[in-house]
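S.K.: Structure provided below as structure tokens; questions to follow.
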Amino acid sequence: WDRAGFGENSVEIFRIWDGGLTIIGGAVGGILAGVTYVLIRRKWVDIRFGMDVVVPTILLGQAIGRWGNFFNNEVYGQTVALANGWSWLPSWIAGQMHFDGATRAFLPEGMINVPLFLIESLLNIAGYFIIAYLIPHIWKKTRGLGVLSGFYLLWYGVVRIIMEPLRNPQYQMGVNNMWSIWNSLVYII
């Protein structure tokens with residue numbers, strides 16, 4: 001909040017062309033826009049049904065959005081040796097992960113940043129298919145309306161809990177990254 005200058009000028013949050021707040025704002029904004037649209041333009045649609053159809057697709061948007069972190073050289077993971085389980089990465093990804101977005105310098109030979117964008121992108125795509133297709137296939141009879149939207153929140157929170165400890169400390173939010181951990185727990189609960 002303070003590092004990005006939002007504390008001094010909270011209007012900066014809305015400057016999406018300059019980074020805005022985070023993808024959390026995009027997810028919340030997307031949910032609010034979708035719910036508002038259904039309430040105003042599709043009044044005959046049960047809002048919980050509409051949310052179950054739309055909210056899980058946010059995971060696909062997040063998966064695509066994470067590739068923006070890759071192309072913008074931002075939000076890297078911790079520095080690791082390429083040989084420590086990351087040698088399977090295509091060279092065009094590993095080469096980009098060899099660059100330190102903060103210092104604009106290259107890492108020592110054989111070192112890369114953990115490709116958070118790729119991990120989260122794959123987890124979000126998997127989450128979409130699990131929530132939109134697998135859960136409805138398995139849980140047909142007693143599943144109420146709005147449950148799939150709840151699974152989105154649960155999935156998002158679990159993914160954040162997984163991803164946050166992998167972040168490079170310069171991209172962590174709050175003291176010792178606790179803001180992100182507490183935020184994740186709120187989504188899970």
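The values are calculated or read from the model by the stated rules, or taken from the named source; none is laboratory data. All values reported here derive from a predicted model rather than from experimental measurement. With ideal geometry, Cβ positions are generated from the backbone for all residues, glycine too; neighbour counts draw on all protein chains shown. Remember, those area values only see protein heavy atoms, side chains included, never the ligands or the DNA or RNA. Shrake-Rupley method; radii C 1.70, N 1.55, O 1.52, S 1.80 Å.
S.K.: What does the charge count near R48 come to, summing +1 for each Lys or Arg and -1 for each Asp or Glu among other residues with Cβ under 15 Å from its Cβ?
M.R.: Neighbour charge sum, excluding R48 itself: +1.
S.K.: Leaving out ligands, DNA and RNA, what percent of the accessible area of region 61-138 is carbon and sulfur, probe 1.4 Å? Walk me through the intermediate numbers first.
M.R.: Numbers: 2660 of 4000 Å².
Roughly 66 percent of what the probe reaches on region 61-138 is carbon or sulfur.
S.K.: Full extension from N73 to I40: what is 0.36 nm times the residue separation minus their Cα-Cα distance, to one decimal in nm?
M.R.: Computed gain between N73 and I40 is 7.9 nm.
S.K.: Starting from the residue with the highest accessible area, list F71, F99, F117, F49 in decreasing order, probe 1.4 Å.
M.R.: Ranked list, largest accessible area first: F71, F49, F99, F117.
S.K.: Check V75: other-chain or 5+ apart residues with amide H under 5 Å from its amide H, H built from backbone geometry?
M.R.: Under 5 Å from the amide H of V75 lies no amide H from a residue far enough along the sequence or on another chain.
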